[in-house]
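The structure appears right after this line, and notes come after that.
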Amino acid sequence: MAATVATVAYLGLEARPVEVQVQLTSGVPRFTIVGLPDNAIRESRERVRAALAAIGLALPPKVITVNLSPADLPKEGSHYDLPIALCLLAAIGATDAETLSHYVAVGELCLDGRITASPGVLLAALHASSLDKGLVCPAAQGSEASWAGELDVIAAPDLLALLAHLKGTSLVAAPVPAEAEPPDGGPDLAQVKGQEVAKRGAGDRGGGWPQPAHERASRRWQVAARRMSSGHSAATPAERSARGLDGRFGRRRAWRRQDPAQAAVPVAPPQRLDARPGRRRPASPPG
C-alpha cells in the first residue's frame, strides 16, 4: 500500500513543493528514506518511530520506503517529521489518505508525540494558500501561519489531537493571527542562514580589522612619501652604501664588525689526511 502527503522544501525565501511517498512491501523489516535527505531527515526515522510508539502505535514488520519527490532536489530540516508520520499513518490505515491530500504538513516531532515548531512555517502557509490547500503545523506556530490569509490551518499540539481532528471526534481550535511586535534593534546577522564567510567578513570590518585593499595601498604611499622627504631616496647608491643604507626606502644594513686583533692572527692552511694512516701533510697551494 502507498500513501502520499504534501510538504515543502525551503530554498531561500521560496517554498518548493515536495511530495512524501510511503510504500509498505513484504521482506526483511527496514526503514529507508530516499530523495537526497540530509542528516536531520535521516534521523527522523527514530523520532517518527518513537512518536508513534508514544501514542500506542507500532510500525508494521515490513519494508518501509519513504521517498521525497522530486528526488533531485536536496532536502534539509526537521519539518519533514510530521509529513512522514502522517504518510505512515495513512499507509497503515490509521487516518484517511483522502483527507490528507487537501493539506500541506510541516512540523518536527518529539519522542513523546508532541509537535514542535520548525522554521519557515509562514512560507509553507503562503505556498499552501497558492495551491488552495490547508496547512497542518505545530500549535506554537498557528498564529504565524494565519498571516498567509484565508486558509484552513490545523495547529495541533500533538499527534493524538491531530488524529482526533482529522477523524472529526475532537476539533482543534482555529488559531488567531497574532500582532507583530516592532523589533527592539536593527538587523541581526544571527537571522541570516548560512553565508558564514560573508558574516565573518562583515563582523571583522565592523570591528575595524582588516583594512580594505585601497586603504592599505594609501597607507603604503604615505610611508613612502615620508621616507622620500627624509632624503634617503634622493641619495645616490654610493652615498647610501657609504652611510650603511640599503633598499628602496633606506633601510640600514646590519654590519658585523670584525675585531682587529682577530684579523691580525694568521690562519693555518687546511690539513688533509695522507693515504697512509697516522700521517698528515699540508694541502698543496692552488695552481
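No value in this document is a laboratory result; all are computed from the given coordinates. Keep in mind the model is a prediction, meaning the values are calculated, not measured. Neighbour counts are summed over all protein chains in view; Cβ atoms, including those assigned to glycine, are modelled from backbone coordinates with ideal geometry.
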State the answer as a single residue: which of P17, F31, L122 lies farthest towards the positive end of the charge dipole of the range 2-167, with beta carbon charges of +1 for Lys and Arg and -1 for Asp and Glu, about the Cα centre.
-> F31
Between A117 and A58, how many nm apart are label points set 7 Å from Cα along the C-beta direction?
-> 3.7 nm
Those GluC sites (Glu not before Pro) from the range 116-202 that are DSSP loop and have at most 10 other Cβ neighbours within 10 Å turn out to be E150, E179
Per residue of the range 97-102, in order, report the coupling 6.51 cos²θ - 1.76 cosθ + 1.60 (Karplus, θ = phi - 60°) as ³J(HN,Hα) in whole Hz, putting x for Gly and Pro.
-> 5, 5, 5, 5, 5, 9
Counting sequence-distant residues (5 or more places) and residues on other chains, those with an amide H built under 5 Å from that of V18 are T7, V8, A9
Any idea what the dipole of the range 2-167 comes to, in debye rounded to 20, about its Cα centre with Lys/Arg Cβ at +1 and Asp/Glu Cβ at -1?
-> 540 debye
For L135, list long-range residues whose amide hydrogen, built 1.01 Å from N in the peptide plane, is under 5 Å from its own amide hydrogen.
-> V104, D152, V153, I154
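Counting alpha carbon pairs within less than 8 Å and at least 6 residues apart, what relative contact order, in whole percent, applies to the range 2-167?
It comes to 23 percent, rounded to a whole number.
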3J(HN,Hα) from dihedral phi, the range 52-60, Karplus parametrisation 6.51/-1.76/1.60, rounded to Hz, x for glycine, proline | 5, 5, 5, 9, x, 10, 10, 6, x
Measuring from a point 7 Å past the Cα of R16 along Cα-to-C-beta, which residues in the range 47-80 have an amide N at less than 12 Å?
-> 69-76
Long-range HN-HN contacts of K75 with modeled amide H, under 5 Å | D38
Per-residue HN-Hα couplings for the range 36-46, Karplus 6.51 cos²θ - 1.76 cosθ + 1.60 at θ = phi - 60°, whole Hz, x for Gly and Pro?
-> 6, x, 8, 5, 5, 6, 4, 6, 5, 4, 6
In what sequence do H127, H165, H102, H79 fall when counting other Cβ within 10 Å, fewest first?
-> H102, H165, H127, H79
What full-extension length gain, to one decimal in nm, is calculated for A198 and E179 as 0.36 nm per residue of separation minus the Cα-Cα distance?
-> 3.6 nm
K199, K133 arranged by Cβ crowding within 10 Å, fewest neighbours leading | K199, K133
Can you tell me the Rg and the Dmax, both Å, for the Cα atoms in the range 2-167?
-> 14.5, 46
Only loop residues by DSSP count here, and only those with at most 15 other Cβ atoms within 10 Å; note down the GluC sites (Glu not before Pro) in the range 9-116 that meet that.
-> E43, E76
